[in-house]
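S.K.: Mind looking over this structure? Questions follow.
The values are calculated or read from the model by the stated rules, or taken from the named source; none is laboratory data. Note that the structure is predicted; figures quoted are calculated from it, not measured. As a convention, Cβ positions derive from the backbone with ideal geometry for all residues, glycine included, and neighbour counts pool all protein chains shown.
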Amino acid sequence: MVTVWNGVRFGASAFRLIVFDVILGMVAVLGAKAYAVMERGDYSSPLLDFTRELRYPGGLIALVIAAPILARALRPGLSLLRFGDAAAPGVAIGFSIVRVGCFLAGCCFGVPSNLPWAVSFPTPSPALDEQIRVGIVNSHAVKSIPVHPFQLYSAASSALVGMWLLRRNPGKPGEALMLFLFVHEGARFLLEFVRAPVRGHAHLDLKLISLSLSLVGAAVLLRYGWQAYGREREEESQAMG
């Protein structure tokens, strides 16, 4: 609903945005599930079984493919860039909610830590199961050793980005979307370094995807800034001439 409210603020049809948003959400979840199935190599897991792990890169890839097609079909009243501006805060806030769910489930946990706010996960939990598997704790342990609450770091980061974008006035088409990519994905890239590997998987794909998206956002924002600077110089020259 954040996307719908923000899209109306940009001048789009609320009903068409709702339809567009719901379909994109379904596509993203299917993409995230398909990526998880391929990554785990567990093709016995049904594609429509959403009780198991979903993977962010798959959802992102599915959105990139589906959004332009759906935008043409549904014509929600926004250009694709403006829809990205409208959707960015909702995506960030939605991701924050998902990460709280990860914390409650004990998945996507951080590396061991002695900090005062480090947390232990009880049995049964993915954190404890992984620590038993790698031999950090013995098989009779009833809770994991303390780890960074990576999920809460990520949730807080996403929530702050979402609220900041909601408070911004509409700028150049695509500007809010590029800010989301630069700041949100840049923060995700840095946070991934305190996330614990699982089954020997160090999440290099997530780091590379987030870093690449952050650099794309930064490059486009620099281009916007350079264009604005050029226009100001031209206006100054015309005023002086």
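S.K.: With the structure loaded, tell me whether residue 153 is at pLDDT 95 or above and either under 28 Å from residue 92 (Cα atoms) or of a type outside the set (Asp, Glu) (or both) or whether it fails that test.
M.R.: yes
S.K.: Still on this structure: Which residues, counting only those in region 107-156, are surrounded by fewer than 16 Cβ atoms within 10 Å (Cβ to Cβ), β-branched (Val, Ile, Thr) and within 18 Å of residue 193 (Cα to Cα)?
M.R.: Listed by number, the list holds a single entry, 111.
S.K.: Also, I was wondering about something else. Would you mind listing the helices (runs of 4 or more DSSP H) fully within region 1-87 where at least 3 residues are within 22 Å of residue 178 (Cβ to Cβ) and at pLDDT 70 or above?
M.R.: 14-40, 56-74
S.K.: Could you tell me which of the residues 188, 195 is basic (Lys, Arg), crowded, with 17+ Cβ neighbours inside 10 Å and touching a strand residue (DSSP E or B) at 6+ places or on another chain (Cβ under 9 Å)?
M.R.: The match here is 195.
S.K.: With (1) closer than 25 Å to residue 161 by Cα; (2) surrounded by 15 or more Cβ atoms within 10 Å (Cβ to Cβ); (3) in contact with a Phe, Trp or Tyr (Cβ under 9 Å, 6 or more places away or on another chain); (4) at pLDDT 85 or above as the list, and residue 91 as the residue in question, which single condition is left unmet?
M.R.: So the condition that residue 91 fails would be (4).
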